[in-house]
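Peer 1: Take this structure, written in structure tokens, and hold onto it; I'll ask about it next.
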Amino acid sequence: MEWMPIVTPANLAAALLTLFPFLAVAFFPDAAAARVRTLPVWTRLLAPAALCVPYILVASGSHVFRWGWLALYALLPAAIATLLWHAAQADPAQRGNWRDFLVLASLGLAVDLRWFEPAWPPHLAIFNKILLLDAGIYGFALIRRLEGAGFDLRLRLRDFGIGLREVVFYTPIALALGLSLGFLHLHPGWRAFTNAAFGWIFSFFFIAVPEELFFRGWLQNLLEKRLGRYAALFLTACLFGLAHFNKRAAIFNWRYVLLAALAGIFYGRAWRAQRRVAASAVTHATVDAIWSLWLH
């Protein structure tokens, strides 16, 4: 495929449209929920089909547009909203309905196995992850109205305190285990502060927050009501570890799975301390920063 520039008016417009649902619910959750509640039910359920617009803009500008992918990005978010609407009716106590877990499994596998990334130019595949996140946010936060997820990015000092505390607990264990297994290798050095700060911010918003919202805010949150706090913490951590099976390797990378599952315990602890995604995302982003700066 011929190289296409990343920064174009169409791509910038698509980025703004893609980030809008994510940021609106993260920073103005009550206003977003109130606005959606004023809509007729059929409009609420069809509204997320508009998430196909960023695909149209990016794919058309990059000459990779396909009608099948357009249909998927229009129909899947509406299907998720519809499933979670029925879950809300069937399970008002929010103990977890089969529809909740079907949506989570579909979103998780689609992202982890990169099912839909061929729809995008290789350098713009991040749109896929954020659009699927938007579909989940709309469904769980605004249609299902799942309580206790803690998706609020209006950061508090307490978020940093809890998040960094769990980093302090996890890091020595991960270092000892990772170095002994030959998975981690020290490469001491310092990046420019601005580069490191930008890397942390990017990781926080586009890696840590999406993964923490999915695994802690949605999955661990729902499992707690069925299995209890400790079983939900460990099961979610194991699933988080397994989601990393194909990272840094062409086949099953058991060392990465083990270290990620262990990290998931501490991310889960950070989240459940005050049920805030921001706290576990601080832990997650800081661990990622430590790995990228001094380990590989």
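Peer 1: Determine, for each peptide in 194-205, 119-130, the mean count of other beta carbons within 10 angstrom over its residues, then list the peptides with the highest first.
Peer 2: My ranking of the peptides, most packed first, is 119-130, 194-205.
Peer 1: Using only DSSP helix segments of four residues or longer, with each worth -39500 (n - 2.57), what per-residue ellipticity at 222 nm results for the chain after dividing by its residue count and rounding to 500?
Peer 2: Dividing the helical sum by the residues of the chain leaves -21000 deg cm²/dmol.
Peer 1: Mind checking Rg over Rh on region 9-143, alpha carbons, Kirkwood formula for Rh?
Peer 2: 0.97
Peer 1: Take peptides 97-108, 22-33 and line them up by average Cβ neighbours within 10 Å, highest first, as a rough protection proxy.
Peer 2: 97-108, 22-33
Peer 1: Okay, next question. On the first, second and third principal axes, largest extent first, how far apart are the outermost C-alpha atoms of region 67-165 in Å?
Peer 2: Result for region 67-165: principal-axis Cα extents of 45, 37, 20 Å.
Peer 1: Just tell me, in residue order, which DSSP H segments of the chain are both 18 angstrom or longer along the helix axis (alpha-carbon based) and at least -1.0 in mean Kyte-Doolittle hydropathy.
Peer 2: 9-27, 67-90, 98-112, 157-180, 229-242, 254-274, 277-294
Peer 1: Can you give the alpha-carbon Rg of region 157-294 over 2.2 N^0.38 Å, where N counts its residues? Before the final figure, lay out each step's value.
Peer 2: Numbers: Rg = 14.6 Å, N = 138, 2.2 N^0.38 = 14.3 Å.
Normalised by 2.2 N^0.38 Å, the Cα Rg of region 157-294 equals 1.02.
Peer 1: Please arrange 187, 244 by how many other C-beta atoms lie within 10 Å of their C-beta, fewest to most.
Peer 2: In increasing order of surrounding Cβ atoms, one gets 187, 244.
Peer 1: Can you tell me how the chain classifies by the Cα gyration tensor, rounded, prolate or oblate, using a/c under 1.5 as the rounded cut?
Peer 2: In terms of gyration-tensor shape, oblate.
Peer 1: Students often check this: by mean Cβ neighbours within 10 Å, which of 211-224, 82-95 ranks highest, and how do the rest follow?
Peer 2: Packing order, densest peptide first, comes out as 211-224, 82-95.
Every number here is computed from the coordinates shown, using simple stated rules; none is lab data. The shown structure was predicted, so the numbers you read here are calculated from the model rather than taken from an experiment. We place every Cβ from the backbone using ideal geometry, glycine too, and count neighbours over all the protein chains shown.
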